[in-house]
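Nothing in this text is a laboratory measurement; each read-out follows from the coordinates by a stated rule. What you are looking at is a predicted structure, and each value in this text was computed from that prediction instead of being measured. Cβ coordinates were reconstructed from backbone atoms using ideal geometry, including for glycine residues, and neighbour counts include every protein chain displayed.
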Amino acid sequence: MITKQHSFSSGIIVSVLLGVLVDVSGGMMNIQLIPQNPVIGGSVTMSVTGITGRIRYFIWYKGLKKSYDHIILTYIPDGNPPLSPGPLNNSRMTPLLNGSLQISNLNRMDEGNYSVKIQADNQSDPEVYLKIYDMVGKPTITASTSHPKKNDTVTLTCTSTNAERIVWSRVPSGATLSSDNRTITFLIINHMNSGDYQCEAANPVSKKTSDPYTLTVASTALCPTSGIGLGGRQIAGIVIGTVFGIFILEVIVYFVLKAKRKTPSSTVYENAQVPEQHIYEKTIPGTQGKLSQESNYEELTHKDKSIYSTMESASEKH
């Protein structure tokens with residue numbers, strides 16, 4: 001019988017303890033940021049949840065310590081006046097009757113730890129960290145070398161302000177990304193590494209994409225000093241081809257000069273070497289007959305000789 005009484009009493013104690021735990025857990029206070037990601041120039045409400053009963057007073061602090069120097073404000077509903085500003089108070093901070101705190105026209109100095117001590121049917125001092133965001137700047141890409149060649153190592157860097165996350169549009173095989181993804185390093189394998197690269201910078205309130213960065217891999221054929229990939233046979237073939245080309249050029253020059261030497265003079269003598277002879281007739285003055293005479297075209301070359309002088313010579317002979 002005593003044993004049963006002890007068992008019954010233990011069960012009651014356990015039930016009471018569980019009930020207390022449920023009530024306490026149900027009355028836990030928390031601070032919720034509205035909006036969750038406030039921005040520069042905007043406003044935020046640090047809303048307190050989990051309050052039970054009537055609020056007797058609440059005190060807001062900024063910083064890790066809960067001392068007088070860190071007090072933003074004290075609010076006592078029945079006080080006269082109810083609001084007592086603290087050392088860290090400013091005109092942009094407004095208490096709400098439900099124990100919350102509102103800050104307008106946010107700037108970077110408003111970031112930090114905030115806590116509130118609330119006296120109601122339950123009592124707690126929840127904390128929250130206020131982070132303020134700004135729009136990300138448009139990212140830009142720079143390269144460690146502008147015209148890489150095969151077997152060169154290239155590092156691309158994505159730069160942006162207020163970015164918390166960087167995402168690349170393409171990542172070559174075997175590339176190495178930095179811990180924050182801001183740089184990407186890879187070995188140039190071939191021309192397939194050429195092309196456009198882009199990066200996206202983002203934070204919880206905004207994101208922007210860079211302009212395409214065009215990476216051009218220089219051809220090794222344009223780099224005679226590199227000597228990469230040339231064997232002995234290839235070098236010998238290049239030397240032989242060069243010598244043969246020079247020889248062909250010399251032969252062409254020789255024949256051109258020889259042809260110029262054989263070019264005849266530009267002076268032309270009319271019918272000077274025509275062997276064909278013709279018979280023509282001369283009429284001798286004072287006679288009725290005609291004299292036949294053989295001649296060739298050589299006589300035609302003397303164009304300045306008058307035919308009248310020839311006729312006069314013939315008359316004198318007779």
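Could you state, as a whole-number percent, how many of the C-alpha pairs of region 103-255 are farther apart than 21 Å?
66
Equivalent-ellipsoid semi-axes (√(5λ), Cα gyration tensor) for region 65-107, whole Å, largest first?
After scaling each eigenvalue by five and taking roots: 17, 15, 9 Å.
Counting Lys and Arg as +1 and Asp and Glu as -1, what is the net charge of the other residues whose Cβ lies under 9 Å from the Cβ of K66?
My count for the surroundings of K66 gives +1.
Roughly how compact is region 67-161, stated as its Cα Rg over 2.2 N^0.38 Å to two decimals?
For region 67-161, the normalised Cα radius of gyration comes out at 1.92.
Order these peptides, 49-57, 158-166, by their mean beta-carbon neighbour count within 10 angstrom, highest first. If you can, show how the numbers build up before the last one.
On the way: 49-57: 14.4, 158-166: 18.1.
Ranked by mean Cβ neighbours within 10 Å, highest first: 158-166, 49-57.
May I have the count of lysine pairs in region 32-188 with C-alpha atoms under 29 Å apart, counting pairs 8 or more residues apart or located on different chains?
The result is 7.
Using the Cα gyration tensor of region 22-81, with a ≥ b ≥ c the square roots of its eigenvalues, what is the shape: rounded (a/c below 1.5), prolate (a/b larger than b/c) or oblate (neither)?
oblate
Once you list every other residue whose beta carbon is under 15 Å from the beta carbon of I76, what net charge do they have if Lys and Arg are +1 and Asp and Glu are -1?
Local net charge: +2.
Just to confirm a number: summing +1 for Lys and Arg and -1 for Asp and Glu over residues other than L177 whose beta-carbon lies under 13 angstrom from that of L177, what do you get?
+2
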